[in-house]
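The structure appears right after this line, and notes come after that.
The values are calculated or read from the model by the stated rules, or taken from the named source; none is laboratory data. All values reported here derive from a predicted model rather than from experimental measurement. Quick reminder, even Gly has a Cβ in these numbers, built from the backbone with ideal geometry, and neighbours come from all protein chains shown. Just so you know, the surface numbers come from the protein's heavy atoms only, side chains and all, with ligands and any DNA or RNA stripped out. Shrake-Rupley method; radii C 1.70, N 1.55, O 1.52, S 1.80 Å.
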Amino acid sequence: MSPYNRFAHQPLRHPDNPHWECHYYKHFEGMRVYHHPKGYLIKQHLKRSLYILGKAMTWQGRTFVCRMDLRFPKEYPAANLDTNNELLVSFWRNLKRELAG
């Protein structure tokens, strides 16, 4: 693949959700965005993130933003995944405890 054309085939919509629009450019609404080398961003997620960031900055000017991409290891058995989101709830509970003290 040519380094000048990272995305040889650029779908306009996400293959799993036709309501999501794909974003391939280096800027979004005047701000620099960073892409994973193998993928694209979702416009609706970018818009919502900017909205939430704007609200947070209005409420508290000293706002810290951090992105976390949570993934299970490839060898993790799918049968062990909870259908009630208990693993994610446990993650947030532990993260809040770590940040608090």
Q.
Any residue in region 11-38 that is among the aromatic types (Phe, Trp, Tyr) sitting within a Cβ distance under 6 Å of a residue that is part of a strand (DSSP E or B) and open to solvent by less than 100 Å² (accessible area, probe 1.4 Å)? List the pairs, counting only those 6 or more apart or interchain.
A. 20/42
(Q) Just to verify a result, which residue in region 42-70, among those that are farther than 22 Å from residue 88 by Cβ and in a loop (DSSP other than H, G, I, E, B), is most open to solvent (accessible area, probe 1.4 Å)? (A) 62
Q. How many residues are modelled with pLDDT under 80 and of a type in the set (A, V, I, L, M, F, W, C) if we restrict to region 73-91?
A. 3
